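Q: Please see the structure below; I have some questions.
Where a number appears in this text, it was derived from the coordinates with a stated rule and is not lab data. Keep in mind the model is a prediction, meaning the values are calculated, not measured. Cβ placement follows ideal geometry from the backbone for every residue including glycine, while neighbour counts extend to all protein chains displayed.
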4 protein chains.
Amino acid sequence: MKTKVGIVTCGGLCPGLNNVIRSLVNELYYRYGISRILGIQYGYEGLIPSYNHPVIELTAAMVNYIHLTGGTFLGSSRGDQDVEKMVDTLEIMNINILFCIGGDGTFRGAHEIHKEVQKRKLKICITGIPKTIDNDIDLIQKSFGFETAFSIANDIIRNAHNEASGAFNGIALVKLMGRDSGFIAANAALSIQEVNFVLVPEITFDLYGQRGFLRVLKKRLEERHHAVIVVAEGAGQEFFECADENKDVSGNIKYKDIGIYLKDKISEEFENKGFPYSIKYIDPSYIIRSAPANANDSKFCNLLAQNAVHAALSGKTDFVIGFWNNQFTLMPIEMVVAKRKKIDVEDELWWNVLEATGQPISMKNP
Amino acid sequence: MKTKVGIVTCGGLCPGLNNVIRSLVNELYYRYGISRILGIQYGYEGLIPSYNHPVIELTAAMVNYIHLTGGTFLGSSRGDQDVEKMVDTLEIMNINILFCIGGDGTFRGAHEIHKEVQKRKLKICITGIPKTIDNDIDLIQKSFGFETAFSIANDIIRNAHNEASGAFNGIALVKLMGRDSGFIAANAALSIQEVNFVLVPEITFDLYGQRGFLRVLKKRLEERHHAVIVVAEGAGQEFFECADENKDVSGNIKYKDIGIYLKDKISEEFENKGFPYSIKYIDPSYIIRSAPANANDSKFCNLLAQNAVHAALSGKTDFVIGFWNNQFTLMPIEMVVAKRKKIDVEDELWWNVLEATGQPISMKNP
Amino acid sequence: MKTKVGIVTCGGLCPGLNNVIRSLVNELYYRYGISRILGIQYGYEGLIPSYNHPVIELTAAMVNYIHLTGGTFLGSSRGDQDVEKMVDTLEIMNINILFCIGGDGTFRGAHEIHKEVQKRKLKICITGIPKTIDNDIDLIQKSFGFETAFSIANDIIRNAHNEASGAFNGIALVKLMGRDSGFIAANAALSIQEVNFVLVPEITFDLYGQRGFLRVLKKRLEERHHAVIVVAEGAGQEFFECADENKDVSGNIKYKDIGIYLKDKISEEFENKGFPYSIKYIDPSYIIRSAPANANDSKFCNLLAQNAVHAALSGKTDFVIGFWNNQFTLMPIEMVVAKRKKIDVEDELWWNVLEATGQPISMKNP
Amino acid sequence: MKTKVGIVTCGGLCPGLNNVIRSLVNELYYRYGISRILGIQYGYEGLIPSYNHPVIELTAAMVNYIHLTGGTFLGSSRGDQDVEKMVDTLEIMNINILFCIGGDGTFRGAHEIHKEVQKRKLKICITGIPKTIDNDIDLIQKSFGFETAFSIANDIIRNAHNEASGAFNGIALVKLMGRDSGFIAANAALSIQEVNFVLVPEITFDLYGQRGFLRVLKKRLEERHHAVIVVAEGAGQEFFECADENKDVSGNIKYKDIGIYLKDKISEEFENKGFPYSIKYIDPSYIIRSAPANANDSKFCNLLAQNAVHAALSGKTDFVIGFWNNQFTLMPIEMVVAKRKKIDVEDELWWNVLEATGQPISMKNP
C-alpha cells in the first residue's frame, strides 16, 4: 500500500487517547499493511511549519506500551490554525488520510480542512474520532474516557467523604469536569452513593433564601454532621457577570471558578452565623483527565479506532465515528457539532441522582 | 411501616453482591422507613431450620462498608431446598418481601416459592435480582459484575502476556469463567488486544489436523515466539465423554477442566515434536468473582436495587429486575429462565474478536 | 478483664488510621479479652462534655471493614483542649488506658494529660501512637501512611507528567505535603523518575537571577519542552513576609501557599518574556491523606497497634511506640516531640534526588 | 565513551525487572553518555549463537514505558550455558560491562563468566543485580519485587477470604511463592490479618493426630465457620518421597505441589468424616510475579540500578549490589550465593505471624 496516514490529537487530555493512537497504528499496520504513519505533534500546530514541531514516524513497536499511561503520546494544543497552511502541509507530506481526534472545535477545523481539500480537488480523507470527557457530543451515546473519568471521580469522592466525615460538620467540595453538561458529576454520584449535592450546569440554583443551597446545606450538617458536594465546572455560571465573558484560544468561554466561589460563600455564611464547620476543597480535574483508560474504555477505544480505519480505507471522508444504540455509526461532521448533549432533568438519570443524594428537586426560591 | 423484608444471596460469588445488599438496605431504610430487614445466611439453606444458620438483623450502619470488598456479607450456597419448609420459615418470620439475588437455579427456586405462597394465599412478594457473572441470562442486556469480571481478566491477561513474552516460544493459557457463553473471554480479549486465541463454548474446534488448534498455535509461535490463549470454562466440552456428565448440587453439569486438558495436550504435542516451548497455566476464577465491583458496576447495582425496592413495594411479585435497551425492566421470572444468552458468531462481537486475535474463523477440519 | 480502654485520633488525616483503630480493637478483644472499648469522637474534643460528641462502643464486628477506606472512623479535630476537663471525663468514664493517635501537638496534649493523671494519682495509662504523614517525627525511622502517601503521589505525578508532556513547553506543578520536611516529595521523585525539580523546606532557593529557579526551568523547557515540578508545602516560605505568620488552632504556623505563588511567578515571568508555555497546577493533598493504607503500611499499622497494646497492658505509660533500626521501640513522649526529623542535604537521599531530577545542587545566587 | 554494555535477565519473572532495565539504560545514557547498550534476549541463551536470539540495541526512548507493565522486556530463560561460548560472544560483541539480573543460579553463572574473563585476561566487568521474589538471598536485607509480591498476595488473600466466608465452613487455600523461605506468606499474612494458617518451608507439621493440621483446621471451622490457609510452595516437602527428587533445568529441585496435596488431603478427611465443608484452591503465582512493581519497589529498583552503574563504571567486577542495614552495599558474588536467608522461628517476624493467625506454635505430634 502506498497510503500515507496522519494522526493528530487536539484539545484537552482524555483517558484513552493513547489507546486510540495505538489501535489506529496496529490496525493500519497489521490489517492493512500500511507502514507510513505520521504522528502530527501538538495538535493542529503540528501542521503549521512555523511551529517547528517535527512529525514522528510511528511504528507498532513505538506505540506498544503507550496505552499503559494516560495523556497523548503526540502532544496536543488548543485553538484554530490557518486552514490553507495546514492543507499545504498535508499536500507536501503526501498524506492521504488524516485522523483527527478531538472535540467540537477540532471537528470544525477538520470540516474546514475537508472543504479546502475539496476545493483543491485533493484525495485526502478526513476522519474525526470524537473525544469529549464530558460525554456531551450530540448524537453520540457515549464517548471514550467518560467512564474512566467518573470511575476515578468515584474514588476521589470516597476520599473526599473521608475528609468530610473526619471532621465535625465537615464539608468536602469536589469540582469535576462538565462545562455544559453534568454527566460526570451525576454518574459519579450514582456510583459512590455518598454525595449529598450534585450541582450541574443544566440546573440553576440560588445560594440564599428559604430554598437556597446554603440553607439546605446547613440543615444537612445539623442532621448528619458532614456533607459531600460535587459541582460540575460549568454549574452556577449565572453567579458571574456576563461582561467578564472572555473566550480562550479554542473559542470556549473561560468559565469562572465555581468551586472557589462556592467555597468562599459557604465559609463566609457559616463564619457570619458562627456555625462550626470545616471545609475541604478538591479540584482533581488534571489528575482525572490524564489517567489511563480503564478496561471497558480500552475496549471501546480499540473498536472505535478499528471502525475509523475501516471507514477511512473504504474511501469515506468528512465523517465522525459515532456510537448510538450500542452500535458504531458514521456521522457527517457537521451533524455532530450542531449542538451539545445535556442532562434532561425530566429523565431517569436526574431522578436517580435526586434519589441517591436526597437533595431537593429545586434550590431556587419562588 | 410494618413491612418485614428478607434478603438472600444464592449461587457462586459475583462482584457487586455486597453493593446490592447495601443498596437494598439503604433504599428500604432511608426512602421507605423500613427497619426490619433480615439477612438470610448461606442462601436458601438459611430458610431451612435444620441448618441452624441464624438470620442477621441488618442495619444501615452494619452494611456501610461491605461494598468495599467482594464476596457476600450474607454467605451463599448452591442447590435446591424444600419449598414447603422455606415458605414455613417465611411465614414464621412474618416476612412480606423476599429479595432473591441469584441466577437461573435461584430463580427457579424463587418461582417455586412464589407458587407455594400463592397456594397458601399468603401476601409475600418474591423479587429476583439477576446475578450472572457470565452475562448469560436471556433478555437481560447486561448483568452486574460482568464488566468488573472482564476488567480484572484484562489485567490478569496482561500479566499472562508478560509470562508468555518472557520466555522463548512462551505460551500463557488463561481459563476464564463462561460455562455456556464466552462473553467474559470475548470482552477481555477486546479490551487487552494481546490475546491470540479465544476459545468459547459457542464454537467447537479440533485439536489436531490441518486446521486444528495445535497446528495454528505452532504457526503463531514460529512467527512471533509467544502466544496468549484465553479459554472459557465451557469450551471444548465435546472432547470429554458424555457418559461422564454428572451434575453438581445446583443441577449444573460438572464441567471437565478444559484448561488442564489443553495444557496437557499442548505439552504432549510439542514434547513429541521436539518443539521448544514453555507453558504457564493460569486459572484466576476465584480471584475474579470474589473481587469488589468497579465504579460502573457499583452504579448499576445501586440502580438495580433501587428499582427492585420500588417494584416490590408497589406490590409486584414473581418478577425479575431486568435491563434492556439501556432501560430497567420488570420481567416475569419464568421468562428469563427459559433459555440462555449466547455469543452469536454472525454478530459484530465475534467478528471483532476474530479481528483482535487474528485467529482463523474456524479451527475445525473439513 | 475489667479494663476499659479509650481510643482517640487527632490532627489531620493519614492513611492507616482505620487500620490502627481496627488492630487495637482486635488485639484488645481477641488476645486480651477486653470488650469495653470506647471510641472518642472528633479528637480531644470528644473528651470535653460541652461539645456533645457521644462516644462509640467499639466492637470487632463494627470495625471489621473500616480499613478498606481511608479517613478515621472516629473523626478527628485539631487543637488543645482543657486538660483538667479531659481528665475529669476519663475519670467519669472509668477509662484505664487511653490510646492517643496523633502527631506532635497530640503528644504534647497526651503528656499534659499524663501529668494531670499523675497529680490526681489516677491509674490511667497514656499511650501515644505516632501519626505523621510527613515522616518527620524525630527518632522514628518511618511512620505509618508515609509510604502510601508517596506511592499515591507517584501515580499523581505520572498523570501530571502526562499533562506536562501533552503540551508544548508544558509545565506540571504538583504541591505535596511536607510542612517542615520534604520526605514525601523526595521519595515520590525517586520512585517515578519523571520529576525535574524537587523543592523542599530544607533548601532555600532564589526565583530570579543567574542561578534562580525560573532561569533553570526555562533552560529545561528549551531543551526538552516539558517540565515536572514537585514542591513541598513548606518550601519557599522565606518568600512570604514574617509579619504574616499566624498560627492555626493546633499552634502550627499557617503556611502561605507556595504552590499558587510559584504558579503565579512562573506565569508572570514567561508572559513577560513572551516565552510560550502552558502550566497545570495540581494540589492533591486531601486526596492522598484520606486514602486507605497500602499493604506494607497496613502491616506496619497492625504491628504498631499490637506493640502498643502489649506495652499498655504491661503497665507502661507516657510513652510512644517508635520504630528505629527496623525494630519497634518504646520512647518517652517528651523525647519524640523535642525536634523534627529533616532531610540532610549531605545525605544519600538528597544526592539521589539530585541525580534523579538533574536539578542543580543550588538555585541560590552567590 | 566507547564503553559497550550488555544487560541480561535470567530465571523466573519478578516485579521490577523492567524498572531495573530502564534505569540501567537511563543512567548509562543520561549520566555517563553511553549509547551502545545491548539487550541480550532470553537470559544466558542470548549469549549462545546457536539459539539465534538477536540482541536488541536499547535506547532511552525504547524503554521509556516498559516499567508500566511487569515481565522482562528482554525475555528470560533458566539454566546454565557453556561458559566459554558465552565469553566468546562477549568478546566478539566487544562488550565491556555485563549486567546480570538474576538469582543464585544466575550469579553462579556470572562468577564462572568472570573466571573465564580473567583467564583470558579480558577487560569485561561482570555485575550482578540480585533478583529473588522470595527475598531469600543471604546478606541482602530486601530484594526488589518482594514487597510488590506480598502486596498483591494481600489483595488476593482478601478475595480468598471472601470465598471462604461466602460458604458455610468455607476454606480458602492459597499457595504462594517461597521455595525455601516463607517470607512472602508471612508478610502477606501480617498485612491482611485474615489468615488463619501460614505454612512455610522452615517449619514441618503433621497432617494427622492430636496436634496435626487437619484437626486444628476442623476446630477452627467449628468455631468460626470459615478458614483461610496460606501455604508457601516449599512447605511440607517432607510429605513427598525423596526418591522423586528430580532437578529442573536450573538445577533446582522440582517441588511437588503441596497446594494440590493439601487440598486433596483436606477434602478426603472431611468427606470421610461427613463434615460439611467447601474448599477453594487458588494458585496465583504467575499473576503475582508478572505484575509491575509498586512505587516503593520502583524506587528501590531505580537506586539499585544507579548504584550498579556507578560501581561498574568505577571499574569493579565480580560483585553484586546488595542492601543491608538500609544501605546499598557491594558484595563479592561468591559470598551471596553461599547460603539462603530463612525465617528464624525464634524471631519477632514469626511470633507476629503466630499472633496474627492464632495458629498453634507447633502442629507436630510429640
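Q: For chain A, what is the relative contact order in percent, using Cα pairs closer than 8 Å and at least 6 residues apart in sequence?
A: Reported relative contact order: 23 percent.
Q: In Å³ and rounded to a whole number, note down the convex hull volume per residue for the Cα atoms of chain C.
A: Output value, Cα hull per residue: 141 Å³.
Q: Over the Cα atoms of the protein assembly as shown, each weighted equally, I'd like the Debye log10 I(q)/I(0) at q = 0.06, 0.09 Å⁻¹, rounded to two decimals.
A: -0.57, -1.46
Q: State log₁₀ I(q)/I(0) for the range B:147-301 at q = 0.10, 0.16, 0.18, 0.20 Å⁻¹ as given by the Debye formula over alpha-carbon point scatterers of equal weight, solvent excluded.
A: With no solvent term, the Cα-only Debye profile gives -0.37, -0.90, -1.10, -1.30.
Q: If you bin every alpha carbon distance in the range A:123-173 into 5 Å steps from zero, what whole percent lands in each bin?
A: For the range A:123-173, the binned pair fractions read 5, 18, 15, 13, 12, 12, 10, 7, 4, 3, 2, 1, 1, 0 percent.
Q: Against the longest principal axis of chain D, how steep is helix D:146-165, in degrees 0 to 90 to the nearest 10, with axes from Cα atoms?
A: Long axis of D:146-165 versus the principal axis of chain D: about 20 degrees.
Q: Hey, any idea what Rg/Rh is for the range A:255-313, computing Rh the Kirkwood way over Cα pairs?
A: Rg divided by Rh gives 1.37.
Q: When the Cα centres of the range A:321-343 and the range D:308-366 are compared, how far apart do they sit, in Å?
A: Cα centroid of the range A:321-343 versus Cα centroid of the range D:308-366: 60 Å apart.
Q: Cα axis of helix D:17-26 to longest principal axis of chain D: angle in degrees, 0 to 90, nearest 10?
A: 20
Q: Given the -39500 (n - 2.57) contribution per DSSP H run of 4+ residues, what per-residue ellipticity at 222 nm results for chain B, rounded to the nearest 500 deg cm²/dmol?
A: Rounded to the nearest 500, the figure is -11500 deg cm²/dmol.
Q: Find the relative contact order for the range D:77-173 and round it to a whole percent, using C-alpha pairs within less than 8 Å whose residues are 6+ positions apart.
A: 21
Q: What translational diffusion coefficient, to the nearest whole µm²/s, does the range B:68-144 have by Stokes-Einstein, given a Kirkwood radius computed over alpha-carbon pairs, a temperature of 20 °C and 1.002 mPa s viscosity?
A: The calculation lands on 157 µm²/s.
Q: How far is residue D:52 from itself in the other copies, in nm, if each label sits 7 Å out from Cα along the Cα-Cβ line, shortest first?
A: Spelled out, the distances from residue D:52's label point are 4.8, 6.9, 8.4 nm.
Q: While we're here: Among B:277, C:42, rank each residue by its count of other Cβ atoms within 10 Å, from fewest to most, as a rough exposure measure.
A: B:277, C:42
Q: With a 10 Å Cβ neighbour count serving as the proxy for reagent exposure, in which order, fewest first, do B:257, D:134 appear?
A: In increasing order of surrounding Cβ atoms, one gets B:257, D:134.
Q: Next question. For the range A:1-49, calculate the relative contact order in percent as a whole number, restricting contacts to Cα pairs under 8 Å that are 6 or more residues apart.
A: 58
Q: When the gyration tensor of the range C:109-205 is built from Cα positions, what are the square roots of 5 times its three eigenvalues, in whole Å, from largest to smallest?
A: One finds semi-axes of 40, 13, 10 Å for the range C:109-205.
Q: For B:51, B:65, what ranking results if the residue with the fewest other Cβ atoms within 10 Å of its Cβ goes first?
A: B:51, B:65
Q: Another question, if that's okay. Compute the label-point distances linking residue A:94 to its equivalents in the other copies; points lie 7 Å from Cα along Cα→Cβ; give nm, one decimal, shortest first.
A: 3.5, 8.6, 9.2
Q: State the dimensionless ratio Rg/Rh of the range A:262-361 (Rg: radius of gyration of Cα atoms; Rh: Kirkwood radius).
A: My calculation puts Rg/Rh at 1.16.
Q: So what's the angle, to the nearest 10 degrees on a 0 to 90 scale, between helix C:295-313 and the longest Cα principal axis of chain C?
A: 30
Q: Would you calculate the convex hull of the Cα atoms in the range A:25-122 and tell me its volume per residue in Å³?
A: Dividing the Cα hull volume of the range A:25-122 by its residues yields 109 Å³.
Q: Between copies, how far does the label point of residue C:351 sit from its twins, in nm, shortest first, when each point is 7 Å from Cα along Cα→Cβ?
A: Inter-copy label distances (nm, one decimal, shortest first): 3.7, 6.4, 6.9.
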